[in-house]
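This report refers to the structure that appears directly beneath it.
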Amino acid sequence: VGHMEEIKNIDLVIEVFTELYKRGSNVHITFYGGSEKRLQQLRNQYNLPPIIQLKGIVNEVPYHLHQCYLSASYTELFSNACVEALSHGLLALLSDVEIAHRFYAGQSNAINLFKTKSELIQKIEEMEEPDFYLSNEKNLALASRYSLEKVAQIYRELLDRNF
């Protein structure tokens with residue numbers, strides 16, 4: 001979800017899901033966002049299997065259609081899209097980078113970090129197992145800390161301060 005520039009490491013995700021497809025996996029990934037130019041570049045660069053969908057810019061991300069949020073970013077300061085996905089009850093697979101990804105993973109066992117392509121493949125395959133279960137309760141609690149009401153209150157308190 002969001003822009004698809006190189007810092008987001010989209011290539012790694014495409015390579016992982018292409019490999020999973022070759023292994024007979026039934027997982028799917030949908031990318032939301034990115035300029036049409038960037039999406040066309042990715043389509044030209046890769047022979048995308050049918051489990052990879054590039055939707056482009058949408059008015060609203062249909063989180064209810066998905067089970068997990070995935071980010072392979074090389075760096076992440078806050079990750080608005082991740083918090084938004086968590087607020088919709090999604091699990092998360094995040095690259096093991098500072099600041100946001102490691103912080104969020106430290107707050108919830110329903111957020112898993114990965115360092116390598118093979119580690120990401122392994123985590124996805126584990127999630128595919130029929131007996132896989134992971135509660136999203138802590139993700140929902142984490143996301144609620146960033147609700148509009150709570151963030152607005154913090155801003156009100158800051159604006160009311162006398163410096």
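The values are calculated or read from the model by the stated rules, or taken from the named source; none is laboratory data. Everything quoted here is computed from the prediction, not taken from an experiment. Cβ: placed from backbone, ideal geometry, glycine included. Neighbour counts: every protein chain shown. Heavy atoms of the whole protein, side chains included, go into the accessibility calculation; ligands, DNA and RNA do not. Shrake-Rupley method; radii C 1.70, N 1.55, O 1.52, S 1.80 Å.
For this structure, a couple of remarks:
- The stretch 62-76 - residue that is among the small types (Gly, Ala, Ser) and in contact with a Leu (Cβ under 7 Å, 6 or more places away or on another chain) and, of those, nearest to residue 7 (Cα to Cα): 72
- Evaluation of residue 96 against (1) in contact with a Lys or Arg (Cβ under 6 Å, 6 or more places away or on another chain); (2) crowded, with 17+ Cβ neighbours inside 10 Å; (3) within 24 Å of residue 109 (Cα to Cα) (one fails), failing number: (2)
- Flag for residue 73 being open to solvent by less than 100 Å² (accessible area, probe 1.4 Å), at pLDDT below 95 and under 19 Å from the mean Cα position of the chain (by Cα): no
- Contacts under 8 angstrom Cβ, first residue in the stretch 1-13 being in contact (Cβ under 8 Å) with a residue 40 or more places away in the chain, partner in a loop (DSSP other than H, G, I, E, B) and aliphatic (A, V, I, L, M), 6 or more apart: 1/61; 8/72; 9/72; 10/4; 10/72; 12/72; 13/72
- Conditions (1) open to solvent by 90 Å² or more (accessible area, probe 1.4 Å); (2) under 15 Å from the mean Cα position of the chain (by Cα); (3) farther than 30 Å from residue 23 by Cβ; (4) not charged (D, E, K, R): number failed by residue 88: (3)
- Exactly one residue out of 150, 117, 123 is touching a Leu at 6+ places or on another chain (Cβ under 7 Å), open to solvent by 50 Å² or more (accessible area, probe 1.4 Å) and of a type in the set (D, E, K, R): that is 117.
- The criterion of at least 1 residues that are of a type in the set (Phe, Trp, Tyr) and touching a residue at least 12 places away in the same chain (Cβ under 8 Å) is met by the following strands (runs of 3 or more DSSP E) wholly inside the stretch 46-163: 68-71, 111-114.
- Residue within the stretch 17-29 that is open to solvent by 10 Å² or more (accessible area, probe 1.4 Å), on the phi > 0 side of the Ramachandran plot and either of a type in the set (A, V, I, L, M, F, W, C) or out of contact with any strand residue (DSSP E or B) (no Cβ under 6 Å at 6 or more places or on another chain) (or both) present: yes
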